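Below is one structure, written out as structure tokens; comments come after it.
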Amino acid sequence: MHPVQIAPGVYEVGVSDWNIRDFHGYSTDLGTTYNAFLVVDEKVALIDSVKKEFSDRLIANITRILDPKRIDFVISNHTEPDHAGSLERVMHRVGEDKPLFCSKMGHKNLPKHFSRKFNYRPVENGEELSLGRRTLSFIETRMVHWPDSMFTLLKEEGILFSSDGFGQHYAGPERFDDEIGERIMAPAKKYFANILLLYAPLIEKLIRQVQELKLDIRMICPDHGVIWRRDPGKIISAYRHWCRQEPEKKAVIIYDTMWKSTQKMAEAIQEGISAEGVYCRPLSLRTWHRSEVMTEVFDARAVVVGSPTLNNGLYPSLADFLCYMKGLKPKNKVGAAFGSYGWSGEAVKLIETELGEMGIPLIQPGLKVQFVPEREQLEACREFGRRIGAAVHAGISASS
Ligand code: FEO
């Protein structure tokens, strides 16, 4: 399926990583792609590369179009090794003296990844590079997803090479949004919730700035997943919406359990929340991967966290998840904590401390049950859930 011509003289020459299931802690249950792009004009430019282990396939894909030695310019939009990992091999084939364009931060970071010295050409925001009949323009996009990130625009075609921005961890036979349709929005949302959420305020500002430039963007080519050619405005609108982090009428219960007592509490709390007409599912960290849970947290108003007390502390899976969630800095949430315990019961307080450090106010004091919840305690869990459901309603109507 590679290379794919996406416009006259513009090719996608990257690779599909069908079998990856863990991308630095993110569950890639649909695989992913590392997209790279070849622009053939009077001069030839390669935009981004692929993970190191796929170097040979990238070179083979390029070779199906032209001899790699014909490449005049290499552009690195992002230093992370899933896009820059093949650069040593690429530069060896292209010619190590050829210019390697990157952002100013890229110029600081790229040399720390390679033992060889390359002909780095750091660019300014807005700087242009003529390919002859067409022009590349560089747009600095710090923190989408690293400080070195930038976008490259092929101006005359309105093609935006957006690096990690607007990507999805999805590998499939489809290469374009119109081939997959609405199904691509779920992977796009999961990607935003787990990779870009932390930078949502910056991304919102960036989108505003780019819109003020009134750039004619007719196609968006991210470095992961499908290309937005039918309706690039759709993913831009989705990003603007996601950046605002407006919660839905939804709560999420995240828990783990030792002897099923915390599970019983979680399920009773879910009944109480759902009885208030609020969408809610209890997600066991034994079953749900942290990145799937984070996607559920992303658009929920209430985050309800339950843990047994183990060795005077949190259950390790909860500690893992709370650390992950804290790093992504979700906004506009309220929270609550619960859990079972044997004799000391510190976990609930520890969860409340973590939620507090994330700026998540508590709806009500935490709920603890010693050993196994009985009928009255399960009813107390349902009531606990009903109060959460009411708080979700109140929060949603206050913000709408
Ligand atoms: Fe796809 Fe930040 O790398």
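The values are calculated or read from the model by the stated rules, or taken from the named source; none is laboratory data. Remember, it's a predicted structure, so these values are computed and weren't measured experimentally. Here the Cβ positions follow ideal geometry from the backbone for every residue, glycine too, while neighbour counts run over all protein chains shown.
Can you say whether V39 is hydrophobic (A, V, I, L, M, F, W, C) and within 28 Å of Q211 (Cα to Cα), as far as the supplied structure shows?
So V39 fits the description; yes.
Condition (residue is closer than 20 Å to R142 by Cα and either without any contact (Cβ under 8 Å) to a residue 40 or more places away in the chain or among the acidic types (D, E) (or both)) applied to the stretch 222-236: is it met by at least one residue? Walk me through it before giving the result.
At the first step, the residues of the stretch 222-236 found to be closer than 20 Å to R142 by Cα are 222-224, 235-236.
Subset that is either without any contact (Cβ under 8 Å) to a residue 40 or more places away in the chain or among the acidic types (D, E) (or both): 223.
Yes, there is a match, as at least one residue in the stretch 222-236 is closer than 20 Å to R142 by Cα and either without any contact (Cβ under 8 Å) to a residue 40 or more places away in the chain or among the acidic types (D, E) (or both).
If you take the residues of the stretch 142-164 that are surrounded by fewer than 18 Cβ atoms within 10 Å (Cβ to Cβ) and on the phi > 0 side of the Ramachandran plot, which of them is nearest to the ligand (Cβ to nearest atom)?
M143
I need every pair where a residue in the stretch 148-174 that is outside the structural domain of K189 (by TED's automatic domain parsing) has its Cβ under 7 Å from the Cβ of a residue that is aromatic (F, W, Y) and within 13 Å of the ligand (Cβ to nearest atom), sequence separation at least 6 or different chains.
Partner pairs satisfying both residue conditions: none exist.
Determine which member of the set G335, G345, G327, G313 is in contact with a helix residue (DSSP H, G or I) (Cβ under 9 Å, 6 or more places away or on another chain) and under 17 Å from A266 (Cβ atoms).
Of the residues listed, the single one that is in contact with a helix residue (DSSP H, G or I) (Cβ under 9 Å, 6 or more places away or on another chain) and under 17 Å from A266 (Cβ atoms) is G335.
Residue by residue through the stretch 251-282, note down the ones that are surrounded by 19 or more Cβ atoms within 10 Å (Cβ to Cβ) and within 15 Å of V392 (Cα to Cα).
A251, V252, I253, I269, Q270, G272, I273, V278, C280
How many of the residues making up the stretch 237-264 are of a type in the set (K, R), within 30 Å of G339 (Cα to Cα) and free of Cβ contacts under 8 Å to residues at least 60 places away in the same chain?
Step one: list which residues in the stretch 237-264 are of a type in the set (K, R), which gives 240, 244, 249-250, 260, 264.
Then drop every residue that is not within 30 Å of G339 (Cα to Cα), which leaves 249-250, 260, 264.
In the following step, the residues that additionally are free of Cβ contacts under 8 Å to residues at least 60 places away in the same chain were identified as 260.
So the count comes out to 1.
Answer yes or no: is there a residue in the stretch 369-384 that is within 20 Å of G277 (Cα to Cα), within 29 Å of the chain's Cα centre (by Cα) and assigned by TED's automatic domain parsing to the domain that holds V305.
Our first condition is that a residue be within 20 Å of G277 (Cα to Cα); within the stretch 369-384, this holds for 378-384.
Of the ones still in play, those that are also within 29 Å of the chain's Cα centre (by Cα) are none.
Within the stretch 369-384, not a single residue is within 20 Å of G277 (Cα to Cα), within 29 Å of the chain's Cα centre (by Cα) and assigned by TED's automatic domain parsing to the domain that holds V305.
Scan the stretch 174-225 for residues that are within 16 Å of the ligand (Cβ to nearest atom), modelled with pLDDT under 95 and surrounded by fewer than 20 Cβ atoms within 10 Å (Cβ to Cβ) and jot them down.
Correct list: L202 only.
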